[in-house]
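A short reminder: the numbers here are calculations on the coordinates, not readings from a lab. None of these values were measured; they are calculated from a predicted model. Cβ coordinates were reconstructed from backbone atoms using ideal geometry, including for glycine residues, and neighbour counts include every protein chain displayed.
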Amino acid sequence: MPAARGVGSLHTEVEVAEPDRTDQERDLSLDRSRQLPPGVIVAVGLLILAPIVALMLVGTYANEGPRLWGFPFFYWYQLMWVFIASGCTYLAYRLVHNARRGGDR
Amino acid sequence: MTGVNWVALTIVIILFVFVTAVGFAAARWRRAQSMASLDEWGLGGRGFGTFITWFLLGGDLYTAYTFIAVPAAMFATGAVSGFFAVPYTIIVYPIIFVFLPRLWSVSHRHGYVTPADFVEGRHGSRGLGLAVAVTGILATMPYIALQLVGIQAVLEVMGVGGSNNVIARDLPLFIAFAVLAAYTYSSGLRAPALIAFVKDFLIYLVIIVAVVYIAVKIGFGASFDAAQKKMATINPATGKPTGVFIPPPAQYWAYASLALGSALALFMYPHSITAVLSSRSRNVIRRNAAILPAYSLVLGLLALIGFAAIAAGTKPIGLDGKPNAQLVVPQFFEDSFPSWFAGVAFAAVAIGALVPAAIMSIAAANLFTRNIYRAYFEREVSREKEAQVSKIVSLIVKLGALIFVLSLDRQNAINFQLLGGIWILQTFPALVLGLYTRWFHRWALLIGWAVGMVFGTVAAYQQSSLATKHFGSSLDEVPFVGKLGYIALTAFVINLIVAVVLTFVFRAMKSPEGVDQTEPSDYFADEGDPRIQPIDELTADSSKATST
């Protein structure tokens, strides 16, 4: 860690709780960033983008029919995305979690 | 509406007294050795797990004003001004899933309390930190004021506050806020975190009952039919349809940009970040991104109460005898349910105002303490002093919001809230892009921010509507697109372009780039990883420890 960093600012690189962060510890945090395989990144990216893209395309759902329990399509379709988006995000969480668990202490 | 609804009022008072007790008792909940630090007072010890964070964030983001204003917008003008809140609160979670864990990690490592702390440390620029802090405070103040407007709406429908005597009229509001200020002062973030359980339980209860009632007594089909008819009716004053039932192609941009712009802005608000930083680990945030949409479903169903009220013929008339769409939700409950249940619904809204108001005042106070007081007045301030300054500022912030609401027209609070949304989004480049790259030059970010702020303010000022000459709408024609779009998003794009262009300029001029406090591994730190402490917290013996 370059000792000069932090000079002149309010913070120093000195640690209190555990005085010296070992190289091993630092590598561990760095490892976490590197552990996601490309396949996981692509899958997570798609899961994250799907709800955003779907809801941004207003033209695909700005219709009155077909109605469902009296709800026009425009309304029930968006409410349905609450569940789909929640599922996508949960799946993305599981993917990231499982991919990192191996090296995570 | 004649006289005071005593049954409903009694229920509201009982529940209010109950949450007051909870608020004061919260000081002893998850008790810390000392409350005299911002980590404890301002962030609840930074140890909340998935369950508490879910209630806290739900109580924080879905405010009383949201519950009042979204159905009111649906009732008055339909989908584009109201229902966009549903796609908005759906897409916000995938977005935060990506960047908030990084912000949590770097804040955990460096003990950052506010978003401006991170911006200051990352870009090595107190000025940029100040810009982010001031924007946060400016955007939060009217938001707190609007929570009071939410309480006022409930009081008005109950028949309280009709007196011409100013003191008598505003006394209930004054008492509510004084009590809120007192327990926030003593318990800090623990108070709203614990009260959020009560609030969210009441909200879920009320919505479930309301949805069943609408399904059985009015019918969803009938509600939508009534809304469709009303929105298509030509408004004699404008010669145009009253509102929008399903957006026509000309309004797609407006609908999508309102949703996207609001989603990008939501977690720029300091009160959102405060709740996030109070959580225990990265995974708490990621799990919450998956389970918080439950509140979006509630908001969507609540929005439909606006349509059900059209079918039910609800007449939201204020105590001054004038129609006021903001009263539609409380009026619908008063008309449709026995007094005691209307009281529960009113209490849900009123308590729903207290939770975000408390968190917002804590967040604004932390910004002042860390990024104005500490950055410019007392650099070596102790932890205890920081907490004390924040506690006092939280009182001043609430007092300011109260004066705002009592002295200015209600429309002003709504105008400033509209502006607040535009302003807060302008901090996105410095905060979120800063989490990924230091490519942007700090001065370019600052100038981009300033341009976005000015552009957004002027554009919003120029919008006129029937009700107001200025700030009549958050939509304006998007340059080069020619369609109506959310001003905040247009200003954000301009902000970004300015920041990119000027970064090249400042690079070419070799302007100093500032010192980055952070290192790449900081952005992945998790629960249990050691923290880097600010210098003023060093004790005599540990100051001998050298950095490696």
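A few remarks follow.
- The length gained by stretching the chain between B:PHE480 and B:GLU527 to full extension, at 0.36 nm per residue less their Cα-Cα distance, is 12.2 nm.
- Stretch in chain B that is longest and holds no GluC sites (Glu not before Pro) that DSSP places in a loop and that have at most 14 other beta carbons within 10 Å: B:1-377
- Of B:LYS230/B:LYS315; B:LYS240/B:LYS315; B:LYS315/B:LYS483; B:LYS217/B:LYS240; B:LYS322/B:LYS469, pairs whose Cα-Cα distance is over 24 Å: B:LYS315/B:LYS483; B:LYS217/B:LYS240
- Inter-probe distance in nm under a simple model that places probes 7 Å from Cα toward Cβ, at B:VAL209 and B:VAL458: 5.2
- Dividing the summed -39500 (n - 2.57) terms of all DSSP H runs of n ≥ 4 by the residue count of the protein assembly as shown sets its mean residue ellipticity at 222 nm at -21500 deg cm²/dmol.
- With contacts taken as Cα pairs under 8 Å at a separation of at least 6 residues, the range A:37-101 carries a relative contact order of 43 percent.
- Distance between the pseudo-spin-label points of B:ALA178 and B:GLU378 (7 Å out from Cα toward the beta carbon): 2.9 nm.
- Looking at the range B:19-161, the pairs of alpha carbons with a distance over 26 Å make up 43% of the total.
- Average beta-carbon neighbours from other chains, 10 Å sphere, peptide B:212-220: 1
- Shape of the protein assembly as shown, Cα gyration tensor, a/c cut at 1.5: prolate
- For the range B:256-368, Kirkwood radius (reciprocal of mean inverse C-alpha pair distance, Å): 17.0
- Other protein chain Cβ atoms within 10 Å, averaged over every residue that makes up B:513-524: 5
- Distance between the range B:431-455 and the range B:1-80 - C-alpha centres, whole angstrom: 33
- Note on the range A:37-101: Cα convex hull, mean projected area over all directions, 4.8 nm².
- Shape metrics for the range B:301-455, restricted to C-alpha atoms - Rg then Dmax, Å: 21.3, 62
- Estimated dipole of chain B in Debye, rounded to 20 [Cβ of Lys and Arg +1, of Asp and Glu -1, Cα centre]: 260
- Cα centroid separation - the range B:517-533 against the range B:341-403, whole Å: 27
- Residues B:SER187, B:SER464, A:SER86, sorted so that the one with the fewest Cβ neighbours within 10 Å comes first: B:SER464, A:SER86, B:SER187
- Residue-averaged beta-carbon neighbours from other chains (10 angstrom radius) around B:88-98: 6
- Ratio of the Cα radius of gyration of chain B to 2.2 N^0.38 Å, where N counts its residues: 0.96
- Cβ-derived FRET efficiency at R0 56 Å, A:GLU64 paired with B:GLN388, nearest 0.05: 0.45
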